Amino acid sequence: MAGLGSASRIAHEIDFDAEGRQAGYLRAPLSRNTSGWGVVEIPVTVIARGRGPTALFTGGIHGSEYEGQIAISALARTLEPGEVQGRVILMPAVNLPAVHANSRLSPLDGRDLNRCFPGDARGGFNDMLAHFLDAVILPMADLSVDVHSCGQAGDSALSTNMHALTDPARRVRTLAAAEAFGAPFNVVFGGIDEGATFTSSVERRGIVSLGTEVGGWGRVHVEGLRIVRRGLRNILAHMGIVEGHPDTAQRDGSAGTRHMQVPDRSFYEFAPAAGTFEPCHRAGERVAAGELAGRLHFVEDVDRPPVEVRYRRDGLLWMAAGPGRVARGDRLTAVMTDYDPR
Ligand code: CA
């Protein structure tokens, strides 16, 4: 059953309107040397019972970000249909070729799936996959949680995130969903080149959208994984899909999520040259405008002094630099400050 009335080339046997638990695959065509009619099998689990809202949980849109892959596949194995009132769609490894390659970018064409939305049914693999998510999956969802970390490109304070939304009602609903998820921080941001991200597709369809940043540096963040596992269950409780109340207690003793924002580009610092970056702070630490963010070293030039990079804004470090070597123009730091809806 290709496409469910859309023009998608991705086939599947899931009946998204059926009751109970279905675990299957999207079969995305990929011609290759070993098989001209080969497919890539992308796992999807649907758990549904009765009437109620639909939650969509996605992981592995970037293959080198692991917390969502682990937490969503675990929930897909353990969530019982009898617990559910409504529907949960779980996709732990959306960008399966990148997951297998342990890579942010697709090994098929070097593209970032999260810059391909809303996609194109007739396009390359990533465009085809983005189109399926946008045109087939998203119209079923009431709320989407897309689990990310910083991959190999950095480290982050443990956080949900959302765009700065102009519609007040949707902003209130999204802030409430973030509070229910219960990460230590929720970051309202505009980002850099966000128009072709999954989040933007979700928002264009009027669906409540949460992202996460729960670590990075190419490792599974132990506390980040705990926050995601708890957060997904919390969201289901918040939506009334499972019984119970969200558990949002924080390790520092506070009762819930602290709302933060990244108002504009002056909260980001970029590498002024290629080099080896020595950071001065870890994600989550307090930093001040004018303070040294790090030194860019040119180890191949014995007498060339390092370049100092300084923060332009006060706040907490949302994202810290990746390990070591950076290219000119790489994002080094992102600072967040307390949320002010004005
Ligand atoms: Ca990511």
**Request:** Return the pairs, sorted by first residue and then second, in which the second residue is within 9 Å of the ligand (Cβ to nearest atom) and of a type in the set (A, V, I, L, M), the first residue lies in segment 148-162 and is touching a residue at least 12 places away in the same chain (Cβ under 8 Å) and open to solvent by 10 Å² or more (accessible area, probe 1.4 Å), the beta carbons are less than 9 Å apart, and the residues are 6+ apart or on different chains.
**Result:** His148/Ile61
**Request:** Inspect all residues belonging to segment 323-339 and state whether any of them is of a type in the set (Phe, Trp, Tyr) and not in a loop (DSSP other than H, G, I, E, B).
**Result:** no
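For (1) touching a Ser or Thr at 6+ places or on another chain (Cβ under 9 Å); (2) buried (at least 24 other Cβ atoms within 10 Å of the Cβ); (3) modelled with pLDDT under 95, each residue gets a yes or a no:
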residue: Thr212; (1), (2), (3): yes, yes, no
residue: Leu225; (1), (2), (3): no, no, no
residue: Val228; (1), (2), (3): yes, yes, no
residue: Asp247; (1), (2), (3): no, no, no
residue: Thr257; (1), (2), (3): yes, no, no
**Fill in**
Heads up, the helices (runs of 4 or more DSSP H) in segment 165-250 (entirely inside) with at least 3 residues that are farther than 22 Å from Pro263 by Cα, in contact (Cβ under 8 Å) with a residue 40 or more places away in the chain and among the β-branched types (Val, Ile, Thr) are 222-238
**Item:** Test set (1) open to solvent by 50 Å² or more (accessible area, probe 1.4 Å); (2) within 16 Å of the ligand (Cβ to nearest atom); (3) farther than 19 Å from Thr45 by Cβ - Asn114 fails condition number
**Value:** (1)
**Message:** I need a count of the residues in segment 322-342 that are surrounded by 20 or more Cβ atoms within 10 Å (Cβ to Cβ) and under 13 Å from Glu285 (Cα atoms).
**Reply:** 4
**Message:** Here is a check on your reading of the model: is Gly182 open to solvent by less than 30 Å² (accessible area, probe 1.4 Å) and within 16 Å of the ligand (Cβ to nearest atom)?
**Reply:** no
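For (1) in contact (Cβ under 8 Å) with a residue 40 or more places away in the chain; (2) out of contact with any Lys or Arg (no Cβ under 9 Å at 6 or more places or on another chain); (3) outside the structural domain of Ala121 (by TED's automatic domain parsing), each residue gets a yes or a no:
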residue	(1), (2), (3)
Ser8	yes, yes, yes
His12	no, no, yes
Asp15	no, yes, yes
Tyr25	no, yes, no
Ala28	yes, no, no
Arg32	no, yes, no
Gly36	no, yes, no
Val40	yes, no, no
Pro43	yes, yes, no
**Request:** Return yes when Arg77 is over 25 Å from Thr174 (Cβ atoms), within 16 Å of the ligand (Cβ to nearest atom) and not aliphatic (A, V, I, L, M) and no when it is not.
**Result:** no
**Asked** Quick check, is Arg170 surrounded by fewer than 24 Cβ atoms within 10 Å (Cβ to Cβ), in the same structural domain as Tyr66 (by TED's automatic domain parsing), closer than 26 Å to Gly119 by Cβ and more than 16 Å from the ligand (Cβ to nearest atom)?
**Response** yes
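If I filter segment 143-152 for residues that are more than 14 Å from the ligand (Cβ to nearest atom), among the small types (Gly, Ala, Ser) and under 25 Å from Arg87 (Cβ atoms), do I get at least one hit?
Looking for residues that are more than 14 Å from the ligand (Cβ to nearest atom), among the small types (Gly, Ala, Ser) and under 25 Å from Arg87 (Cβ atoms), one finds at least one in segment 143-152, hence yes.
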**Prompt:** Are any of the residues in segment 235-245 over 19 Å from Thr174 (Cα atoms) and open to solvent by 20 Å² or more (accessible area, probe 1.4 Å)?
**Reply:** yes
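The values are calculated or read from the model by the stated rules, or taken from the named source; none is laboratory data. Since this is a predicted model, take the numbers as computed values, not measurements. Note: ideal-geometry Cβ built from the backbone for every residue, glycine included; neighbour counts use all protein chains shown. What goes into the accessible areas is simple: the full protein's heavy atoms, side chains included, and nothing from ligands, DNA or RNA. Shrake-Rupley method; radii C 1.70, N 1.55, O 1.52, S 1.80 Å.
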